[in-house]
Amino acid sequence: MELFKNLYNYRELLKSNVKKEIRGRYKGSFLGVLWSFVNPLLQVLVYAIVFPYIMRVKTPNYLQYLIVGIIPWTFFTTVMNQGMITIRTNSDIIKKVYFPREILPISVVLSGLVNFFISCIIILLFCIFGGLGISWHLILLPFIAILQSLFSLGLVFALSAINIYIKDTEYIVQFILNMVFYATPILYQASLFPKKLRWVIDINPLGGMIEAYRDIFMLHRVPPASSLIYLTIISIVVFFIGLAIFRKLEKGFAEEV
C-alpha cells in the first residue's frame, strides 16, 4: 500500500518521467516514434527470410507468428536494458532531491507499455491483411500486458538496484537475455524444441506470455486457465521480490551512484 500511496503523492513526477522516457527514447532521430514500428518490422523481415528459406522452418502464418513473438520480446528487452541503468543515469537527481526511488523503474516500464500498445497496431494489421482477422479475445490484451509489465518491473527493480553495487550486472544480464531469446518460442514452435529440454519452455514465463498473445491475436481463443494462473502467480511473486530487493538496497544509492 505504501507504494501506491507514494505513486499517488508523486503522480505528477511519475507522469512527467513517463513522458520524458517516451520522448527521450527517439530524441533527435528523424523518424521519431515511427521507430516503434520500423524496428520490429526489420527484425521480422530478417527472420522471415532466414528461417523459412534457409533453416527450413515450416510454420503456418509464419509472418504473423513472428510479429506476435517479436513485439512482446522487444517490449521486454527494451524495458530491461533501460530499466537496469535508470538509477545510474538519474544519479544527479537522486543526490539532490528526495522522491520515491521506485518512480524511476516504474517510469521506464510504463513508457515501454505505452510503446508496446502502439506497436500492437502492427500485429493487428498483419492479422487483418494476412487473413486471420480479429476477435473479441483481444479484450484480454491489457490483462496479459499488465502481467508482463509486473514481471518485467520486478526484474527491473532488483537488477537496477544490484547494478549500482555490481557494475557488471547489465553485461551479464544482456548475455542471459540472448540465451533466453532462443529458449523462448519466438522464431519456432515449442514442439520443435528437444523433448529433453521442453521443461525449459514450460517454466519460461515469457514463453507463456507470448503463447497467450498468439492465442488472442492468431488463434482467437482464451489462453489455457492453467497458463494464466501460472503467469499471474509468477508475475506477482517476481514483482514483490524485486520490490523487496530494491527497497533493501536503495538506502545506499546516493553514496554509490
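The values are calculated or read from the model by the stated rules, or taken from the named source; none is laboratory data. What you are looking at is a predicted structure, and each value in this text was computed from that prediction instead of being measured. Cβ: placed from backbone, ideal geometry, glycine included. Neighbour counts: every protein chain shown. Heads up: the accessible areas ignore ligands, DNA and RNA and are worked out on the full protein's heavy atoms, side chains in. Shrake-Rupley method; radii C 1.70, N 1.55, O 1.52, S 1.80 Å.
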Exercise. If we keep just the residues of the stretch 117-142 that are under 27 Å from Gly242 (Cα atoms) and free of Cβ contacts under 8 Å to residues at least 40 places away in the same chain, which is most open to solvent (accessible area, probe 1.4 Å)?
Worked result: Phe117
For this session: Scan the stretch 72-103 for residues that are in contact with an Asp or Glu (Cβ under 7 Å, 6 or more places away or on another chain), over 12 Å from Asn17 (Cβ atoms) and buried (at least 20 other Cβ atoms within 10 Å of the Cβ) and report the count.
Result: 1
Exercise. In the stretch 181-195, what residues are open to solvent by less than 40 Å² (accessible area, probe 1.4 Å) and part of a helix (DSSP H, G or I)?
Worked result: Phe181, Ala190
Exercise. Consider Gln148 against the criteria (1) surrounded by fewer than 22 Cβ atoms within 10 Å (Cβ to Cβ); (2) modelled with pLDDT of 90 or more; (3) of a type outside the set (A, V, I, L, M): it satisfies all of them except one. Which criterion is unmet?
Worked result: (1)
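Evaluate the stretch 212-227: report whether one residue or more is within 27 Å of Phe99 (Cβ to Cβ), part of a helix (DSSP H, G or I) and touching a residue at least 12 places away in the same chain (Cβ under 8 Å). If you could, list the steps in order and put the result at the bottom.
Pass one, the stretch 212-227, residues within 27 Å of Phe99 (Cβ to Cβ): none.
No, that holds for no residue.
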